[in-house]
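The values are calculated or read from the model by the stated rules, or taken from the named source; none is laboratory data. Remember, predicted model here, so these are calculated numbers, not experimental data. All Cβ positions, even for glycine, are placed from backbone atoms using ideal geometry, and neighbour counts span all protein chains on display. When the accessible area is computed, the model is the full protein with side chains, heavy atoms only, and any ligands, DNA or RNA have been set aside. Shrake-Rupley method; radii C 1.70, N 1.55, O 1.52, S 1.80 Å.
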Amino acid sequence: MKIIMLGAPGAGKGTQAEIISKKLGIPTISTGNILRAAVKAGTPVGLQAKSYMDAGKLVPDDVIIGILAEALKGPECANGYILDGVPRTIPQAEAMEQQGVDIDVALDLAVKDEDIVVRMGGRRVCPACGATYHVVNNPPAKEGVCDKCGAELIIRADDAPETVKDRLRTYHEQTEPLLAFYKERGKLKTVENRPSIEENTAEIIKVLGI
Ligand code: AMP
């Protein structure tokens, strides 16, 4: 199964992708995680991407299209995958179609802007393995420490309140048009936000029929 996770930053795409990924035994490809690793490693892509990411803006389409094409070549993607945070623009979605990437479902996690702002304030991430937590909704077993690899959790620089507002604006302007794009293709499925991660997962499982 090839699934695209759509939704605003902080809608829970990464968290739900990880759960479904385990359930279906297919990998999650997160362009955000790939870019953060590139920034950390100081690669040419990382150097190019950093200023956009820090400002809550989108990294140019050609960079993303290259990263995605490379990631999808991996043998682990042969039986399907979940795309988290990509495509984020119509040109990215068109490029994917041109490359023959034929997805089954575009899953929209619909969360109101005011709920997003609250959520992002509590998000904590692992700089080593990319796992995400929330201080209230999804805390690690030991405060401030990653359950998976033991690294110290951090607040993402682009989760600062001012940057969150910019990221939401970017989402509405550039990413939201993808809902109509996939609706036209009969691929869009929407999950309205529920109070807990578990309830959202249950709804996603129902909608995907898995
Ligand atoms: P994320 O972890 O998905 O929220 O991504 C963090 C940041 O990486 C975004 O705010 C963008 O600057 C950049 N980014 C990730 N994926 C994409 C994409 N598909 N297109 C453009 N920029 C992206």
Problem set entry | Within segment 88-101, tally of residues that are under 29 Å from VAL164 (Cα atoms), without any contact (Cβ under 8 Å) to a residue 60 or more places away in the chain and more than 8 Å from the ligand (Cβ to nearest atom) | 4
Exercise. Looking only at residues in segment 1-33 that are more than 11 Å from the ligand (Cβ to nearest atom) and of a type in the set (Gly, Ala, Ser), which one is farthest from the chain's Cα centre (by Cα)?
Worked result: GLY25
For this session: Give me the pairs, please: first residue somewhere in segment 1-16 and within 19 Å of LYS183 (Cβ to Cβ) and free of Cβ contacts under 8 Å to residues at least 40 places away in the same chain, second residue anywhere and in a loop (DSSP other than H, G, I, E, B) and more than 12 Å from the ligand (Cβ to nearest atom), beta-carbon distance under 8 Å, and either six or more positions apart or on two chains.
Result: none
Exercise. Which of the residues that make up segment 12-25 are in a loop (DSSP other than H, G, I, E, B) and either modelled with pLDDT under 95 or in contact with a Cys (Cβ under 6 Å, 6 or more places away or on another chain) (or both)?
Worked result: GLY12
Problem set entry | Odd one out for GLU70 among (1) farther than 23 Å from ALA157 by Cβ; (2) of a type outside the set (A, V, I, L, M, F, W, C); (3) part of a loop (DSSP other than H, G, I, E, B) | (3)
Exercise. Among the listed residues GLU143, GLU176, GLU152, which satisfies the condition of being within 23 Å of GLU192 (Cα to Cα) and without any contact (Cβ under 8 Å) to a residue 40 or more places away in the chain?
Worked result: GLU176
Exercise. Is segment 179-202 home to any residue that is open to solvent by 60 Å² or more (accessible area, probe 1.4 Å), assigned to a helix (DSSP H, G or I) and either under 20 Å from ILE29 (Cα atoms) or basic (Lys, Arg) (or both)?
Worked result: yes
Exercise. Got at least one residue in segment 89-101 being surrounded by 15 or more Cβ atoms within 10 Å (Cβ to Cβ), under 18 Å from LEU6 (Cα atoms) and small (Gly, Ala, Ser)?
Worked result: yes
Problem set entry | Condition met for LEU179 (away from the ligand (no atom under 11 Å from the Cβ), closer than 22 Å to VAL117 by Cβ and in contact with a Phe, Trp or Tyr (Cβ under 8 Å, 6 or more places away or on another chain)) | no
Problem set entry | Hits in segment 61-87 - residues which are within 14 Å of the ligand (Cβ to nearest atom), in contact with a Ser or Thr (Cβ under 9 Å, 6 or more places away or on another chain) and under 21 Å from LEU208 (Cβ atoms) | ILE82, LEU83, ASP84, GLY85, VAL86, PRO87
